[in-house]
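What follows is a single structure, written as structure tokens, with notes after it.
The values are calculated or read from the model by the stated rules, or taken from the named source; none is laboratory data. Only a predicted model underlies this, so the values are computations on that prediction, with no experimental measurement involved. Positions of Cβ are backbone-derived with ideal geometry, glycine not excepted, and every protein chain shown enters the neighbour counts. Note: areas computed on protein heavy atoms with side chains; ligands, DNA, RNA excluded. Shrake-Rupley method; radii C 1.70, N 1.55, O 1.52, S 1.80 Å.
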Amino acid sequence: MTLTLPKQIDSTRMLEQVQAWSAINTGTGNLEGLARQADALAEAFGALPGEVELVDPAPVTAIAADGSEFAKPNGQHLIVRVRPRANRRILLTGHMDTVFPPDHPFQEQKWLEDGVLNGPGVADMKGGIAVILHALMAFEESASAGSLGYDILVNSDEETGSLASSDLIADLARGKLAALTFEPAALPDGTLAHARGGTGNYSITLTGKSAHAGRNPEDGRNALVAAADLMLRLKQLEREDITVNPAKLEGGGPNNVVPDHALLRFNIRPKSTEAMEGFDRKLDAILHQIGEEHDVGVKRHGGVTRPPKPVDARAQKLFDLVRECGAELGQDIAWKSTGGVCDGNNIAACGVPVVDTMGVRGGAIHSSDEFLIVDSLAERAALAARVIGRLSDGALDEAKSA
């Protein structure tokens, strides 16, 4: 082990950065706030010996309530490349967006108690971004630094599924020895997320034919009835390894008109690749049946955005390495499987071992009670720096060639 942690992992500076970044509203749709955040991150990550770049998002579309497709804007993504020609290269990822738009009441920070900060994004995951930066600054002062290259991605749309950055994630993951993602720990005690299920979001537009509900209802084609039938059939696809959640039904109008439009939005949570692929095949067949039996038009939008993330032998070796490094630092590292999803799902789908909860300890994310345990900033930076140092020394080389 050649990495000796420098004494200057600066917890005070880390906290200052997190508070400054949390003060910038970066709800996924707030392009002005995301641009300000991207500029601030580009300046901060300029401390590393690499190339900093802001990359435009990929085009993304969504479905409006009337069934029309529209472009959905997203912010730029930050990429940092250090030693791109190194034989050993890893990927580190985070996200700058939060779930709190500019009109959300949760905009301010406050201290809940000594060492516990409440604020938007402090744990998920502006604290994690600070951990990435300071772990790498520590690593760059070690004798191991020259033997490891890395890419950093901080995207702007993780909270809405990374649709504008998924291709970028796959491109950056390609050929990497390992990846670390800095979502907050699964539990406030620092427990890591292990295996994860997947997720998919769908919008199904059904187009019928309007008619008078009293004079000639037989001439109509009721899109809402077709949508209700579809919901029931979707729920019948649930198994132990997949859940289906019809979430929103839109359409209809006056009571005396047969509704000619309905839009059904639903989410699936497959626990395995087999469940994911099986659902997709069955969905196509069901949509065809609904169209024929109800004599309505059916249009599908969306699909799986995060494949399930099993933990294979190579990934487990990375988890074991993190636990070993934690023990060297006096940190007790455990893990548990979870139904949540993140960019770690996308990375694992590329065949790259990943630990995706290397960020801060905290909790109540996605709510106004979100909090950061401040001591975990330096703690997790030290852990990440040690893991990166071990990777630079070849800790996973045997796993890569196996």
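Details
- Farthest towards the positive end of the charge dipole of segment 252-334, among the residues 298, 322, 311, is the Cα of 322, using unit charges on the Cβ of Lys, Arg, Asp and Glu.
- Positive-pole candidate from 139, 112, 45, dipole of segment 1-158, charges at beta carbon: 139
- Positive-pole candidate from 14, 123, 172, dipole of the chain, charges at beta carbon: 172
- In the structure shown, the pairs 72/317; 176/235; 209/282; 72/299; 248/271; 248/317 are assessed against 30 Å; a Cα-Cα span above that value is assigned to 72/317; 176/235; 248/317.
- Convex hull volume per residue for the chain, taking Cα atoms only, in Å³: 140 Å³
- R0 of 56 Å, Cβ-Cβ distance residue 40-residue 292: FRET efficiency to nearest 0.05: 0.55
- Modelled spin-label separation between residue 85 and residue 64, with each label point placed 7 Å from Cα along the Cα-to-Cβ direction: 5.2 nm.
- Beta bridges from DSSP with both residues in the chain: antiparallel share about 75 percent, rounded to the nearest 5.
- Residue 367 accessible area, 1.4 Å probe, all protein chains in place, Å² to nearest 10: 40 Å²
- Total charge dipole magnitude, segment 316-402, about the Cα centre, Cβ charges on Lys, Arg, Asp, Glu only, Debye to nearest 20: 140 debye
- Crossing angle, helix 375-392 versus the chain [Cα axis fit, 0-90 degrees, rounded to tens]: 80 degrees
- Evaluated with a Cβ-only charge set (Lys, Arg +1; Asp, Glu -1), the chain carries a dipole of roughly 760 debye about its Cα centre, given to the nearest 20.
- Comparing mean-square fluctuations of 59, 310, 254 from a GNM of the chain with C-alpha springs under 10 Å, the top value falls on 254.
- Formal net charge of residues neighbouring residue 159 (Cβ-Cβ distance under 14 Å; K, R +1; D, E -1): -4
- Applying 1/(1 + (r/R0)^6) with r as the Cβ-Cβ distance of residue 108 and residue 313 and R0 = 45 angstrom yields a FRET efficiency of 0.45.
- Gap separating the Cα centres of segment 69-107 and segment 167-204, nearest whole Å: 13 Å
- Most to least accessible of 276, 137, 14 (protein chains only, probe 1.4 Å): 137, 276, 14
- Potential lengthening between residue 212 and residue 20 on full extension [0.36 nm per residue; Cα-Cα distance subtracted]: 63.2 nm
- For segment 159-230, size of Cβ-based charge dipole, Lys and Arg +1, Asp and Glu -1, in debye: 180 debye
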